[in-house]
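Heads up, the thing below is written out as structure tokens.
The values are calculated or read from the model by the stated rules, or taken from the named source; none is laboratory data. Owing to the predicted nature of the structure, the values given are computational and were not obtained by experimental measurement. Here Cβ is always computed from backbone atoms with ideal geometry, including for glycine, and neighbour counts include all displayed protein chains.
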Amino acid sequence: MKKKKTDELNNEAATIEQAGMIPDIPLDIPVNTNKGKILKKILLIPGFLCLVTVIAYLAGVVYYQSHFFEGTNIYGTDVSKMKVEDFEKGLEDYSLTIVQKDVNGEKFEETLFSSDLGISVSSTDELTKIMKEQNAWRWPLHHNAIYAGRPTFIACNPDKVEEAVNGLRNMQKGEFIKPQNAYISDYKKGQGYEIVSEVNGNRLNKKAVIEAVKNAVTGLSSELDCEEAGLYKRPRVLSDNKKLNKLADKLNKYTSTNLTYEFGDNTEVLNGDTVNKWISVKKDKVILDEDKVADFVASLRKKYDTIFRSREFKTSYGPTITITGGDYGWWMNTAQETKELSKLIKNGEQGSRTPCYYQTADRYGSPDYGDTYIEINLTEQHVFLYKDGELVLETDCVSGNSARGFDTPAGVYGITYKQRDATLNGENYSTPVSYWMPFNMNIGLHDADWRTSFGGQIYKTSGSHGCVNLPPDAARRIYEVIQTGTPVICYHLSVSQKAA
């Protein structure tokens, strides 16, 4: 029995040898039948494994003809082992986090889901192209495939997006603060103007948010930070704005003005507390209202000008009288002063200020004619000369001819100028004089050497053309004492006796 099995094994060995599969083996060597079975099984395993591998490979090829490779990421979405048609289903899990800030500037989040935005795949052409390009025959060798960039096949429903944006917390009244531009404060007494910083607020720009959400969704972004994306409405003018700062500087320059007008014992101060009411800003320019400057100057004129005003005068005869008429006194040039004061304000000048005058008086206050003056009593035809309060000369005179209507007018005047050796010309006369001292247009004091007497009632019928005729020596002495501007006080007062 054993011999028969041995022969069978030898025959099989011979067959194998003829096939060239193993080296020569002596046929007469006994073969262990159990070992042969084991050897046969061992030899069958590699073939089986190869077959399984081939089948698995081919199955993978078939599978990846319609599925994305493991580890494939398309524009941020993991599509491993996913079919093209499954991509849209995967979008159902999409969400977009909207990062906002509350009225205090603290950030918070709200989430919009796929259903809130109406997300869909507008076309599968790009996905199909990627599928074909992945080459299913090479599936065992593939590595993670990441497709960066922005998809062109994602769509969202515009109406739903707008509705979703309208529902955001920052879009609700009471949940946002409007932005405010930086601006120049009102004038603060003693401080001037300052720039009040802008307020950024947290009001969203709806139109911009809608577009940003659309872009985020179609790009499959997972988060949208409204602050970083610049979706909040911003103030147009910031505190560092050059024009704004230039305006503030100019306003402060104007209101830094501090001028002190001195009118004797009285002072008038002009500073920013008043100037700020005269200025405004129009079209990025500081405008000074010169009408208000003129009003201020006019108020000074009204308060301190003395020209054309009546005066109380204590005569050399004792009685105090009221004198009207004449053009002596402080007379402010308001037009010129307004012009110059406007310039000073624009330059922010500081210090003392003397107004522009057409003419001045001896002093501020009362009496403005001071204590050096010429006093003429036209009724008594007498002249007094006072210097520094002391009577230094008195003399009779002859004034204008009353009978011919040449009366010398009463009033307070000032010496216009003085001239030696002048010729007085009139309608029918030409008279040379040695001392000419006009005070009321062409009416003045002068020597009259052609007269032999002065005073009394001469003036009524044989008076001058209006001038005050003086004895030559008296005219000389008056000429030596007086100056341009010296007051000449003319009045009518009948007295029975001169004061001592």
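Put simply, of Arg234, Arg203 the only residue that is over 30 Å from Ser120 (Cβ atoms), touching a residue at least 12 places away in the same chain (Cβ under 8 Å), under 29 Å from the mean Cα position of the chain (by Cα) and surrounded by fewer than 16 Cβ atoms within 10 Å (Cβ to Cβ) is Arg234.
Among the criteria (1) in a helix (DSSP H, G or I); (2) free of Cβ contacts under 8 Å to residues at least 40 places away in the same chain, the one Arg476 does not fulfil is (2). Determine if segment 209-231 includes at least one residue that is closer than 14 Å to Gln180 by Cα and outside any loop (DSSP other than H, G, I, E, B). No, segment 209-231 has no match at all. Among the conditions (1) among the hydroxyl-bearing types (Ser, Thr, Tyr); (2) closer than 30 Å to Ala410 by Cα; (3) touching a residue at least 12 places away in the same chain (Cβ under 8 Å), Ser256 misses just one, which is (2).
Restricting segment 375-410 to residues that are closer than 23 Å to Ser462 by Cβ, of a type in the set (A, V, I, L, M) and touching a helix residue (DSSP H, G or I) at 6+ places or on another chain (Cβ under 9 Å), the residue that is surrounded by the most Cβ atoms within 10 Å (Cβ to Cβ) is Val383. Residues in segment 80-99 that are closer than 16 Å to Ser123 by Cβ and of a type in the set (A, V, I, L, M) were compared, and the one that is surrounded by the fewest Cβ atoms within 10 Å (Cβ to Cβ) is Leu91. Confirm whether Thr338 is modelled with pLDDT of 95 or more, of a type in the set (S, T, N, Q) and in contact with a Ser or Thr (Cβ under 8 Å, 6 or more places away or on another chain). When the stated conditions are applied, Thr338 does not pass them.
Of the residues making up segment 207-228, those that are buried (at least 17 other Cβ atoms within 10 Å of the Cβ) and of a type in the set (A, V, I, L, M, F, W, C) are Val209, Ile210, Ala212, Val213, Ala216, Val217, Leu220, Leu224, Cys226.
With respect to the conditions (1) surrounded by 12 or more Cβ atoms within 10 Å (Cβ to Cβ); (2) more than 21 Å from Lys339 (Cβ to Cβ), Phe296 lacks only one, and its number is (2). Meeting the requirement of 2 or more residues that are out of contact with any Asp or Glu (no Cβ under 6 Å at 6 or more places or on another chain) and under 27 Å from Gly389 (Cβ atoms), the strands (runs of 3 or more DSSP E) wholly within segment 277-321 are 311-314. Tell me, please, whether a residue that is surrounded by fewer than 16 Cβ atoms within 10 Å (Cβ to Cβ) and under 17 Å from Glu223 (Cα atoms) can be found in segment 49-65. The answer is no; no qualifying residue exists. Of all residues in segment 302-315, those that are surrounded by 15 or more Cβ atoms within 10 Å (Cβ to Cβ) and touching a residue at least 40 places away in the same chain (Cβ under 8 Å) total 6. Just one of (1) at pLDDT below 95; (2) more than 32 Å from the chain's Cα centre (by Cα) fails for Lys285. It is (2). Within segment 186-222, the set of residues being closer than 30 Å to Asn258 by Cβ, of a type in the set (Lys, Arg) and in contact with a helix residue (DSSP H, G or I) (Cβ under 9 Å, 6 or more places away or on another chain) comprises Lys189 only.
Filtering segment 442-462 to residues that are in a loop (DSSP other than H, G, I, E, B) and farther than 23 Å from Pro487 by Cα leaves Asp449, Trp450, Arg451, Thr452, Ser453, Gly456, Gln457. Residue under question is Phe439, and the condition is that it be assigned to a loop (DSSP other than H, G, I, E, B) and among the aromatic types (Phe, Trp, Tyr); does it hold? No; evaluated as a whole, the condition is false for this residue. Being without any contact (Cβ under 8 Å) to a residue 24 or more places away in the chain, of a type outside the set (S, T, N, Q) and farther than 30 Å from Val495 by Cα is the requirement here; does Val297 meet it? No. Scanning segment 445-470 for residues that are surrounded by fewer than 21 Cβ atoms within 10 Å (Cβ to Cβ) and in contact with a Phe, Trp or Tyr (Cβ under 7 Å, 6 or more places away or on another chain) returns His465, Gly466. The criterion of being part of a helix (DSSP H, G or I), among the β-branched types (Val, Ile, Thr), modelled with pLDDT under 80 and surrounded by fewer than 14 Cβ atoms within 10 Å (Cβ to Cβ) does not hold for Thr6. Sort out which residues of segment 427-436 are part of a strand (DSSP E or B), of a type outside the set (A, V, I, L, M) and farther than 24 Å from Gly329 by Cα, and write them in order of number. Residues satisfying the conditions are Ser430, Thr431, Pro432, Ser434, Tyr435. Restricting segment 441-461 to residues that are touching a residue at least 24 places away in the same chain (Cβ under 8 Å) and charged (D, E, K, R) leaves a set whose member that is farthest from Gly411 (Cα to Cα) is Arg451. Among the residues of segment 85-99, just one is part of a helix (DSSP H, G or I) and either touching a Phe, Trp or Tyr at 6+ places or on another chain (Cβ under 7 Å) or basic (Lys, Arg) (or both), namely Lys89. The C-beta contact set for segment 132-155 (first residue over 18 Å from Tyr63 (Cβ atoms) and modelled with pLDDT of 80 or more, second residue of a type in the set (Ser, Thr, Tyr) and not in a loop (DSSP other than H, G, I, E, B), distance under 6 angstrom, 6+ apart or interchain) comprises Ile154/Thr218; Ala155/Ser120. Selection of segment 237-252 for residues being assigned to a helix (DSSP H, G or I) and surrounded by fewer than 16 Cβ atoms within 10 Å (Cβ to Cβ) yields Lys242, Lys243, Asn245, Lys246, Asp249.
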